[in-house]
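The values are calculated or read from the model by the stated rules, or taken from the named source; none is laboratory data. For clarity, every value in this text was computed on a predicted model and none was experimentally measured. Here Cβ is always computed from backbone atoms with ideal geometry, including for glycine, and neighbour counts include all displayed protein chains. In case anyone asks, the SASA skips ligands and DNA or RNA and just uses the protein heavy atoms, side chains included. Shrake-Rupley method; radii C 1.70, N 1.55, O 1.52, S 1.80 Å.
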Amino acid sequence: MIPSYLKPYHTDLSNLVRLGRKYDGGYVIDKRVIAKTKVIISCGLEAEWSFEREFQKYNRNCKIIAFDHTVDKNFWINRFVKDFISLLLLKKIKFYQIFDVFKYLEYSSFFGGKNKHYLKKIVSKKKDKNKQITITEAIGENKDIVLKIDIEGDEYKVLKEVNRNFDKLNLVIIEFHDLQKNLKKIKSFIKKTKLKNIHINVNNYGMFKMNDAPQTIEMTLINPNKFKIKNTKTKRSYPINGLDFKNWKRGPKIQVVFNK
């Protein structure tokens, strides 16, 4: 079960849209932010930018700035070797699977113009200026930002910085890992932040036991000073048909249940 303080505020269903893949990599946002966003700052990239790509189709003036220290030359070499072997062994036979073997070409094209990917790790306190960067530094002088954070557990270290940059943010997408161990940190963040949670999804890649908090959740939070949101919690059930999909296609479907 999920604590009631994580229940989203009500927003009209007509405002919600999913951008990116149906499965892992896609996110539900408020469509009103799209036209008013100047930059997406993605903290954590791996080999998945379908959300950013589709967002940019609707707002071509928006630029993408991504930070991920793991997506380097060795990452792409290892990925290609592994995928190419799968191709030779006929484990990748569908068109999209074959195309995915050459994902680096898409990466080079997408991040080759105004969109930029930096080999820097998001940290709370910087010790190496060449390899690390804080959220505040990543944001810089940018305004009207969609901030996406998926940094495998380090998100708890940067929550204070998210709040400090509230005025520059349109919307924030955060993936919270190891939820059961960090509920107090999330509760403190929700209590202090001016952002309002408008959507929640359970990531079914993480372990899940009935009546326990799930291991990983995704939340979408909006700046209520820029976009009108009712001050009442939703009565909507999650996942939402047509918007929410399983992160892991073959994994279990997890119904979101809030504590009373």
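Are any residues in the range 47-62 under 11 Å from the mean Cα position of the chain (by Cα), in a helix (DSSP H, G or I) and hydrophobic (A, V, I, L, M, F, W, C), and if so, which ones? Within the range 47-62, Phe51 is the sole residue that qualifies.
Scanning the range 70-84 for residues that are crowded, with 17+ Cβ neighbours inside 10 Å and not in a helix (DSSP H, G or I) yields a total of 1.
Scanning the range 18-34 for residues that are touching a His at 6+ places or on another chain (Cβ under 9 Å) and hydrophobic (A, V, I, L, M, F, W, C), which turns out farthest from Ile145 (Cα to Cα)?
Residues of the range 18-34 touching a His at 6+ places or on another chain (Cβ under 9 Å): 27-30.
This time we only want the ones that are hydrophobic (A, V, I, L, M, F, W, C), so: 28-29.
Numbers: Val28: 16, Ile29: 13 Å.
Residue satisfying both the conditions and the ranking: Val28.
The residues in the range 94-140 that are aromatic (Phe, Trp, Tyr) and in contact with a helix residue (DSSP H, G or I) (Cβ under 9 Å, 6 or more places away or on another chain) can be counted, and the count is 6. Among the criteria (1) at pLDDT 95 or above; (2) assigned to a helix (DSSP H, G or I); (3) open to solvent by less than 70 Å² (accessible area, probe 1.4 Å), the one Ala66 does not fulfil is (2). Any residue at all in the range 212-219 that's surrounded by fewer than 19 Cβ atoms within 10 Å (Cβ to Cβ) and not polar (S, T, N, Q)? There is at least one residue in the range 212-219 that is surrounded by fewer than 19 Cβ atoms within 10 Å (Cβ to Cβ) and not polar (S, T, N, Q).
Which of the residues that make up the range 21-35 are modelled with pLDDT of 95 or more, out of contact with any Ser or Thr (no Cβ under 9 Å at 6 or more places or on another chain) and not in a helix (DSSP H, G or I)? Correct list: Ile34, Ala35. Residues that are open to solvent by 70 Å² or more (accessible area, probe 1.4 Å) and either closer than 21 Å to Gln56 by Cβ or in contact (Cβ under 8 Å) with a residue 40 or more places away in the chain (or both) within the range 128-140 comprise just one, Lys131. If only residues of the range 85-104 that are assigned to a helix (DSSP H, G or I), open to solvent by 80 Å² or more (accessible area, probe 1.4 Å) and at pLDDT below 95 are counted, the one that is nearest to Asp68 (Cα to Cα) is Phe99. Consider Asp167 carefully, then state whether it is surrounded by fewer than 21 Cβ atoms within 10 Å (Cβ to Cβ) and at pLDDT below 95. The answer is no for Asp167. Could you please find all residues in the range 136-195 being in contact with an Asp or Glu (Cβ under 6 Å, 6 or more places away or on another chain) and in a helix (DSSP H, G or I)? Hit for the range 136-195 is Thr136, nothing else. Can you find a residue in the range 217-228 that is at pLDDT below 95, in a loop (DSSP other than H, G, I, E, B) and within 20 Å of Asp24 (Cα to Cα)? No, that holds for no residue.
With respect to (1) within 28 Å of Gln180 (Cβ to Cβ); (2) in a loop (DSSP other than H, G, I, E, B), the lone exception for Arg18 is condition (2). Just one of the listed residues (Lys246, Lys192, Lys148) is more than 15 Å from the chain's Cα centre (by Cα), open to solvent by 10 Å² or more (accessible area, probe 1.4 Å) and not aliphatic (A, V, I, L, M), and it is Lys192. The residue pairs whose first member lies in the range 38-58 and is over 17 Å from Leu171 (Cα atoms), whose second member is buried (at least 22 other Cβ atoms within 10 Å of the Cβ), and whose beta carbons are closer than 6 Å, counting only pairs six or more residues apart or on different chains, are Leu45/Ala66.
For the range 113-127, a residue qualifies if it is without any contact (Cβ under 8 Å) to a residue 40 or more places away in the chain, within 12 Å of Cys43 (Cβ to Cβ) and open to solvent by 60 Å² or more (accessible area, probe 1.4 Å), but none of them does.
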